[in-house]
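Have a look at the structure below, then the notes.
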Amino acid sequence: MYYSDDVINEVLSRNDIVDVIGSYASLKKKGANYEACCPFHHEKTPSFKVNREKQMYHCFGCGVGGNVFTFVMEYENLNFPEAVERLAERAGVQLPEKSMNAQERSREQYKITLREMNKTAAAYFHYILKHSQHGEKAYEYFHETRGLSDETINKFALGYSDIYRDDLYRYLKSKGYTDDQMKGSGLVEISEKEGGVDKFWNRAMIPILDINGKVIAFGGRVMGDGKPKYINTSDTAVFDKSHTLFAMNIARRSRRKGFICCEGYMDVISLHQAGFTNAVASLGTALTAGHASLIKRYVKEVYLTYDSDDAGTRAALRAVPILREAGISAKVIRMDPYKDPDEFIKNLGAEEYEKRIQAARNGFMFSLEMLEREFDMNSPEGKTEFFREVSRRLLTFEDELERNNYIEAVATAYRISRDSLDKMVAKTAVSAGMARPVVRPKRADGVEKKKEDGIHLSQKALLTWMIEEERLFDQISNYISPGDFTEDLYRTVAELLYEQKRGRTESGKDPESFYRGRRTSGGCLTVQYKDQGTAYKGRA
Ligand code: ZN
């Protein structure tokens, strides 16, 4: 949405910076300025100043500064149009209508109705938890079994859905909602035969909020031994589970570093109670690329704190590459000997958990630790096999700097020499690629093509390293000759490279002019070379 300068100036003039920031931090007047402890960094003496005359703020501690828009953008993690909208709403400024057709307008209207309905339901469940006889056992579950304080129960607006199968339906009806409106809510199912039937009954209820703090769905945990133990609202017009993270509305304002990703909402609630307000969880689904892109809007680092059983470990291993793909670094918190963060904190306390966060393993290194279990690490053969697999995995890092950092980390962690690991990685590249016969794609179904791509990639990687690192060239050239490269382009480049490195340059040929290797951001190597007048340009 684009707003004109007139509109922006109107919003700016109606939102005094001292009033706006004063609602987030307690400002004290000091001379010409107002000051407070900085809301963007941790400090004990105030170095955050706000100037009413200039309508600007500045922190002498961490250097942040700007006007009322930048403050709201920074603090609330909003983009510029969103900040304009937020401040317009605060000051009662009417923004120009976005142009919508009738269908879009009614869809937007229905979403508003759904959010209101969910909010009404949350308030009702919370009331039943606290003020009905049936609610007592759910309260006991939250309070005694899970160890949640009243403050936490209120903060997360936890509730209880009664034992009657149409309790919520009748309540919503009494609040004026129609069958048609309830149909798409995920809260009630409407059938001709039975009328309205609640989705949740006799369950401890956990409201799920969107990033703006609006109730959009629920999780429900059965009371007693019924199955399934947990159910969530299925996707609706306002709830998309692959793009929603539980407690994101709180975590995004947390001053803690990164997010802690849990398996379930009960873990999240326990962590928040223990002070880890940056904990979030996906809802009845593994972490998706959609979650990763949501996370990336706020942080660049995630701590995975999944159950320490096999299923949890597998889930963590699956999440690591998804996060990496989105440019988020993933670390894994070890909770042994306990099963989950809830159990851990109950037994060892928040301070110990904090230590585990500090000691969290990098996701790749964690995956190697898990890999160890598959090999006999006590026998030389088992160990060799293990390092062969590690080398294969190291080859998946296309970025050279990243790959080198990991090779270094692995060498240190497993106390092997950097040189021998380098050799092994190079050897693995060879055996993964060049030692195998080239498979030409026969059909367009992509199966065989893919195999060739692997060979292609490892040849490319190997050649790039040999060009970029003298040390590697010396090692590798002892057992690989240019003829081992199956791609014409690589072979030619390799021939030139060998000639150059061994100083056997034929007269009239200058190898420097034959190739120029350039890495691009995608990790591709673009090779250009000229051969006796004919120009050839290949992109590998
Ligand atoms: Zn600051």
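Things to note:
- Enumeration of residues in the range 143-173 that are more than 31 Å from the chain's Cα centre (by Cα), part of a loop (DSSP other than H, G, I, E, B) and surrounded by fewer than 20 Cβ atoms within 10 Å (Cβ to Cβ): Ile163, Tyr164, Arg165, Asp166
- Condition check for Asn67: within 29 Å of the chain's Cα centre (by Cα) and open to solvent by less than 80 Å² (accessible area, probe 1.4 Å): no
- Contact map, the range 61-89: first residue under 21 Å from Arg255 (Cα atoms), second residue away from the ligand (no atom under 16 Å from the Cβ) and of a type in the set (D, E, K, R), Cβ cut-off under 7 Å, separation 6 or more or different chains; pairs are Val72/Arg86; Glu76/Arg86; Asn77/Arg252; Asn77/Arg297; Leu78/Arg86.
- Condition check for Val64 on (1) within 9 Å of the ligand (Cβ to nearest atom); (2) out of contact with any Ser or Thr (no Cβ under 9 Å at 6 or more places or on another chain): one failure, at (2).
- Strands (runs of 3 or more DSSP E) contained in the range 253-340 and holding at least 2 residues under 18 Å from Leu209 (Cα atoms): 259-262, 279-281
- Residue in the range 195-212 that is open to solvent by 70 Å² or more (accessible area, probe 1.4 Å) and touching a residue at least 60 places away in the same chain (Cβ under 8 Å) present: no
- Single residue of the range 396-418 satisfying the filter (in a helix (DSSP H, G or I) and in contact (Cβ under 8 Å) with a residue 12 or more places away in the chain) that is most open to solvent (accessible area, probe 1.4 Å): Ala413
- Scope the range 43-59; condition away from the ligand (no atom under 14 Å from the Cβ) and either assigned to a strand (DSSP E or B) or in contact with a strand residue (DSSP E or B) (Cβ under 8 Å, 6 or more places away or on another chain) (or both); matching residues: Asn51, Arg52, Met56
- Of residues in the range 68-84 being within 16 Å of the ligand (Cβ to nearest atom) and in contact with a strand residue (DSSP E or B) (Cβ under 9 Å, 6 or more places away or on another chain), the one modelled with the lowest pLDDT: Glu74
- Members of the range 33-42 that are in contact with a Gly (Cβ under 8 Å, 6 or more places away or on another chain) and more than 10 Å from the ligand (Cβ to nearest atom): Tyr34
- When Arg297 is tested against (1) under 23 Å from Tyr338 (Cβ atoms); (2) out of contact with any helix residue (DSSP H, G or I) (no Cβ under 6 Å at 6 or more places or on another chain); (3) open to solvent by 10 Å² or more (accessible area, probe 1.4 Å), only condition (1) is not met.
- Selection from the range 347-395 of residues that are in contact with a Ser or Thr (Cβ under 8 Å, 6 or more places away or on another chain) and open to solvent by 60 Å² or more (accessible area, probe 1.4 Å): Arg388, Arg392, Arg393
- Residues (part of a loop (DSSP other than H, G, I, E, B) and either touching a residue at least 24 places away in the same chain (Cβ under 8 Å) or open to solvent by less than 60 Å² (accessible area, probe 1.4 Å) (or both)) located in the range 177-193: Tyr177, Gly184, Ser185, Gly186, Leu187
- Residue count, the range 42-60 (criterion: open to solvent by less than 50 Å² (accessible area, probe 1.4 Å) and closer than 22 Å to Ser254 by Cβ): 5
- Any pair with Cβ under 7 angstrom, 6 or more apart, that starts in the range 40-54 at a residue that is over 14 Å from Asn15 (Cα atoms) and in contact (Cβ under 8 Å) with a residue 40 or more places away in the chain and ends at one that is within 12 Å of the ligand (Cβ to nearest atom) and of a type in the set (D, E, K, R): His42/Arg255
Yes/no per residue for (1) within 19 Å of the chain's Cα centre (by Cα); (2) open to solvent by less than 30 Å² (accessible area, probe 1.4 Å); (3) modelled with pLDDT under 95; (4) more than 27 Å from Lys355 (Cα to Cα):
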{"site": "Lys175", "(1), (2), (3), (4)": "no, no, no, yes"}
{"site": "Lys214", "(1), (2), (3), (4)": "no, no, yes, yes"}
{"site": "Lys227", "(1), (2), (3), (4)": "no, no, yes, yes"}
{"site": "Ala237", "(1), (2), (3), (4)": "no, no, yes, yes"}
{"site": "Phe259", "(1), (2), (3), (4)": "yes, yes, no, no"}
{"site": "His272", "(1), (2), (3), (4)": "yes, yes, no, no"}
{"site": "Ser282", "(1), (2), (3), (4)": "yes, yes, yes, no"}
{"site": "Gly290", "(1), (2), (3), (4)": "yes, yes, yes, yes"}
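- Hey, Leu87 under 28 Å from Asp5 (Cβ atoms), outside any loop (DSSP other than H, G, I, E, B) and more than 14 Å from the ligand (Cβ to nearest atom) or not: yes
- For the range 1-27, the tally of residues that are within 16 Å of the ligand (Cβ to nearest atom) and either of a type in the set (Ser, Thr, Tyr) or loosely packed, with under 11 Cβ neighbours inside 10 Å (or both) stands at 2.
- Residues of the range 212-226 classified as more than 13 Å from Ala122 (Cα to Cα) and either part of a strand (DSSP E or B) or in contact with a Phe, Trp or Tyr (Cβ under 9 Å, 6 or more places away or on another chain) (or both), total: 3
- Boolean, Ala123 is in a helix (DSSP H, G or I), touching a residue at least 60 places away in the same chain (Cβ under 8 Å) and open to solvent by less than 90 Å² (accessible area, probe 1.4 Å): no
The values are calculated or read from the model by the stated rules, or taken from the named source; none is laboratory data. Quick caveat, the model's predicted, so the values are computed rather than measured. Positions of Cβ are backbone-derived with ideal geometry, glycine not excepted, and every protein chain shown enters the neighbour counts. Protein only, heavy atoms only, side chains kept; ligands, DNA and RNA dropped before computing areas. Shrake-Rupley method; radii C 1.70, N 1.55, O 1.52, S 1.80 Å.
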